[in-house]
Amino acid sequence: MPKYDAFGREIGDDPLKSLRETTNPVPAETPRVEIATPEAEPEPETEAWSGAHEPESEPQQIVIAPPEFVRPRRRRRGFPVILVLGIIVAGVGLAANSVVDEGKDLIDTIDTSIPELPDVDVDVDAAPDAPPPVGLEPDSLIREDNFAAALKTLAGSGLGRPTALRIAPERIDTQLLEGNTLHIVQITPDGELHEFGSSDGTGRPIAFKAIDPAAPERLVRRAATAKAPPRNINYLVVSPGPPQTVGAYFKNGRIVIGDAHGRPERVL
């Protein structure tokens, strides 16, 4: 038999139950729905990489095709071009041969057969270690006054007349003909005459009075250029001819032929 409290309510009965159910109803249970997610396909690079590490997968071979080179077409020269080039080459060759032949004819008329004698040790007390003169320096034997003194020494030696003269700044080499005997002599800047020997021989001697002492220096000064200044003169040669000539030979290969007085006539 139920028991009631002082307010007439059954003990154990919840007086607010009906109110609670009205204001706070129990939420209905939401059914759980499972959505099947499809498996994502692996990316091509990942799949290839993962498959490359599996023992069953075979290694992929990459074949690189070799590059192809296309050779450019060569242009063929026309017949007229080849003909013009042939004419030019032939013309240059004929001109060169003409110059060479003319030069040989002129050189053949010059006697440069004087042997170059060895240097002579000269004892000069004033300047024992002085360098040899060059070009037209004061002691050069090419200068007019020095060459005139050398000619006087040669004439006074009594060994004959020169068949040719080789005149350098530092010495004069010559062959003096006396009858049928050739004397090989040299004059150094100190004015001394040195004889190196003699032999039988012949030739066309030059009279001392026919040799112009100013000819060598005059020819060097007139034949010099910016590329071949007087300082670069190597030697000169006085040849008997006929006609008598003086040739100037520079160190850079320039050759100038002058007359007996040193006036330039031709450049080789």
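The values are calculated or read from the model by the stated rules, or taken from the named source; none is laboratory data. Being a predicted model, the structure only gives us computed values, none of them experimental. Glycine gets a Cβ as well: all are built from the backbone with ideal geometry, and neighbour counts include every protein chain shown.
Observations
- Contacts under 6 angstrom Cβ, first residue in the stretch 209-232 being modelled with pLDDT of 95 or more, partner aromatic (Phe, Trp, Tyr) and in a helix (DSSP H, G or I), 6 or more apart: PRO213/PHE147; PRO216/PHE147
- Neighbours by Cβ (under 6 Å, 6+ apart or cross-chain): first from the stretch 178-194, more than 15 Å from PHE147 (Cα to Cα) and at pLDDT 95 or above; second buried (at least 17 other Cβ atoms within 10 Å of the Cβ) and basic (Lys, Arg): none
- When the stretch 241-268 is filtered for residues that are under 19 Å from THR163 (Cα atoms) and touching an Asp or Glu at 6+ places or on another chain (Cβ under 9 Å), the ones remaining, listed by number, are GLY241, PRO243, GLN244, THR245, VAL246, ILE257, GLY258, ASP259, ALA260, HIS261, GLY262.
- Every test in (1) loosely packed, with under 15 Cβ neighbours inside 10 Å; (2) under 46 Å from the mean Cα position of the chain (by Cα); (3) among the β-branched types (Val, Ile, Thr) is passed by THR181 save one, and that test is (2).
- When LEU236 is tested against (1) part of a strand (DSSP E or B); (2) farther than 17 Å from ASN146 by Cβ; (3) in contact (Cβ under 8 Å) with a residue 60 or more places away in the chain, just one condition goes unmet, and that condition is (2).
- Note on the stretch 207-236: residues that are surrounded by fewer than 21 Cβ atoms within 10 Å (Cβ to Cβ) and closer than 17 Å to ASP173 by Cβ amount to 2.
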